[in-house]
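Please treat every number below as a calculation from the coordinates, not as lab data. Nothing here was measured: the structure is a model prediction, and the numbers come from that model. FYI the Cβ positions are ideal-geometry reconstructions off the backbone, even for glycines, and counts take in every protein chain you see.
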Amino acid sequence: MDITRFHAAFFEESREGLDAMESGLLALESRSDDPETINVVFRAAHSIKGGAATFGFTAITDLTHLLETLLDEARGCRRALDADAIGALLLAVDVLRTLLAACEHGSAIDQTALDRARAGLDRLLAGAATATTATPAAPFIAGDTTSATGDWRIGFAPAPSLFMSGNDPLRILRELASHGELGVSCVDNRLPPFAEMDPFEAYLAWDLTLPGTVPRAAIDEAFAWVEDECELSIDTVHAAAPSLPATAADGDALAAPLEPATSGGRRASDADNSIRVAVAKVDALINLVGELVITQAMLRQRSEQLDPIANEALLSGLVQLERNTRDLQESVMGVRMLPVEFAFSRFPRMVRDLATRLGKKVRLRTHGEATELDKGVIEKIVDPLVHLVRNAIDHGLESPEERIAAGKDQTGTVTLDAAHQGACIIIEISDDGRGLDRERILRKAAERNVPVPDNASDAQVWDLVFAPGFSTAEALTDLSGRGVGMDVVRKNIAALGGQVEIGSRHGHGTTVTIRLPLTLAIVDGMSVAVGDEVFIVPLSMVVESLLPAATDVRTIAGETRVLRVREDYLPLVNLAEQYGLPSERSGGEAPARIAVVVESDGRRLALEVDELLGQQQVVVKNLESNYRRVPGVSGATILGDGRVALIVDAGGLVPPARLPAAA
């Protein structure tokens, strides 16, 4: 059998196991005596080891064996996992990730990193183990190093889910046989008549014996990663016979299908609660549903011309079609939604390593991890979040000595918070550090000739840190001080149709708030007419719309038109001229027909349009993959009448302009 076809599942599940190991090890830093967490980490390592051994990935098998040995001492309460042990285990997890990537892509193994990880584990194992005071876990889970006075007798009945998960009972039998002479008796009288067999059931069971000299821990280890997918009993020969699910004495009950134990086995006919589907397939499905939405909109527009009385049944059907299409669209979009925990989960390790490197004590708190966001948005928001968390620790939090002198807890707190708000998600990154220094920011802005509004408010001053190349760091390091972080953060978030703003109190901390759309595939937009064309302005950018008076429009330097909106002057962009369409504007200070005020990249513009057509939800089509990138356009959509409408990218319309102070 060609087992290489199972490689993809192994690599994906192993990465999930490494994530579980990393989060568990980080949790053990604060509660090293938690037996359940130790068992989670151990079982993840054991699963990776078993899979790697099956596929012949020797380097992974050998390293996870060392991990197992160290963790087994911890779960057997023979070793305390101190900071050195946690550090060595985390390093091994990092190296395992690189080994997985090397095996997956057929690239060379980083032998230096592997040797360093093995040396760290060997050094710990060579030292004297420090006993813990933790309460031992249950015998089967924690393991028992004692031997039996007689022989071991094992009752083993796999559940269907054991086979569905890719495990092989023969591998377990071989592992048991490696410890001593294994007696095997197959309990085959559980088989029903052939015509009554269920292909999704498991009917075989085994009655096994091993010499009493084999440690109980070795038997436990053989079953550690399938204990929730079988019925198992382990006794000595002088004890009561193992309680298999059915025996010969059960008579007619032998023909009954094996019902898995409630502790974890599942009927295969019930199936798992989730399946793995390639992202490309989901995207193709979403695209098809988008086409269906467009077709439904076309039918609705055509139906407006029909006689409602003569076509009552048809119109009623179209209404039902619209309702079903909307429900289908929402359901399919939900397939791409993932909890924001996928982004948050990488930060505990990063915070730990960065705090250690900077000599600071940092506590990371997360809230709203279950808040769902489109997979594409999650993938693109990670880098901005990394910038912001690093800044919070490096710039925001003081050293322990400074915090104590300021009357604060020596351990600083960084908080990641996510929540839904309407059709958007709000992510806040906050710290309880020193906060932003207004005077220092203004001084740096003056040094770098960054324009500053007269009588600038705190919000306007904080906004200066997003200027390209702006930094208040006194010294350059590999972490900060080069002024390439915050401007990139804003650009990346703006590219997702989002916004970012800063709030701060000197001495009390800083909060960065990010507002993002839930999905990139569908946009709530305002339809506007410009001549004979229709454009879509994303509602997330729209601040207000108004009818300007002639006195509100000014011309600067004979060419730049600005619009006065209360006490501010905003650049006035004529969309017809922007996109090369015929324009009836005669120039000068003629009043704009309708002005739509939008905000993007931290600045506001006024878009001059001919008419507001209404609000609607549109399916976004990627323009770059079908044509090419067009400045001032973020995508396109198809309207109900079949016409193509461009989606306005306000951030790409005009370059930032230095405007006069409000009159």
ask   = Hey, rough spin-label estimate for Asp532 and Asp568, points 7 angstrom out along Cα→Cβ, what's it come to in nanometres?
value = 3.6 nm
ask   = Where Lys and Arg each count +1 and Asp and Glu each count -1, what net charge lies around Ile429 among other residues with Cβ under 15 Å from its Cβ?
value = -2
inquiry  = Restricting to Cα pairs below 8 Å that are 6+ residues apart, what does the relative contact order work out to for region 279-335? Please round to a whole percent.
reply    = 59 percent
request  = Would you kindly derive the ³J(HN,Hα) couplings of region 527-543 from the backbone phi angles with the Karplus curve 6.51 cos²θ - 1.76 cosθ + 1.60 (θ = phi - 60°), listing them in order in whole Hz, with x for Gly and Pro?
outcome  = 7, 10, 9, 10, x, 8, 9, 10, 10, 10, 9, x, 4, 5, 8, 6, 9
Under-5 Å amide H pairs with Arg363, H placed in peptide plane, nonlocal only = Gly412, Thr413, Val414
message = Can you list residues from other chains, or at least 5 along the same chain, whose modelled amide H is less than 5 Å from the amide H of Asp34?
response = none
note = So, for the Cα atoms of region 357-422, Rg and Dmax in Å stand at 14.7, 44
Long-range tail of P(r) for region 339-517 (Cα pairs > 19 Å, %) = 58 percent
request  = Let me know the whole percent of all Cα-Cα pairs from region 514-572 that are separated by more than 18 Å.
outcome  = 55 percent
note = The lysines whose Cα lies under 24 Å from the Cα of Lys380, excluding any fewer than 8 residues away in the same chain, are Lys281, Lys491, Lys621
task = Check cross-link reach from Lys361 to the lysines: straight Cα distance under 25 Å, and skip same-chain residues fewer than eight apart.
result = Lys408
ask   = Can you pull the Kirkwood radius for region 3-140, inverse mean 1/r over Cα pairs, to one decimal in Å?
value = 15.1 Å
request  = Give me the net charge of Ile48's neighbourhood, meaning all other residues with Cβ under 13 Å from the Cβ of Ile48; Lys, Arg count +1, Asp, Glu -1.
outcome  = -3
inquiry  = With only alpha-carbon pairs counted, each pair once and no self-pairs, how large is the Kirkwood hydrodynamic radius of region 522-652 in angstroms?
reply    = 15.1 Å
key: 14 Å beta-carbon shell around Asp417, net charge (K/R +1, D/E -1)   = -3
ask   = Once the piece of chain linking Met298 and Phe163 is laid out straight, how much longer is it, given 0.36 nm per residue of separation minus the C-alpha distance between them?
value = 43.6 nm
request  = Take peptides 493-504, 410-421, 355-366, 543-554 and line them up by average Cβ neighbours within 10 Å, highest first, as a rough protection proxy.
outcome  = 493-504, 410-421, 355-366, 543-554
Kirkwood Rh in Å, taken over region 279-335 so that all alpha-carbon pairs contribute = 12.3 Å
note = Rounded to the nearest whole number, the Stokes-Einstein translational diffusion coefficient of region 177-224 at 20 °C and 1.002 mPa s (Kirkwood radius, C-alpha pairs) in µm²/s is 165 µm²/s
message = Assuming 0.36 nm per residue, please report the length gained on full extension of the stretch Thr356 to Glu181 beyond their Cα-Cα distance.
response = 58.0 nm
remark   = For the pair Glu330 and Glu196, the simple spin-label estimate (label points 7 Å beyond Cα toward Cβ) gives in nm 4.7 nm
More than 17 Å apart - percent of Cα-Cα pairs taken over region 405-462 = 61 percent
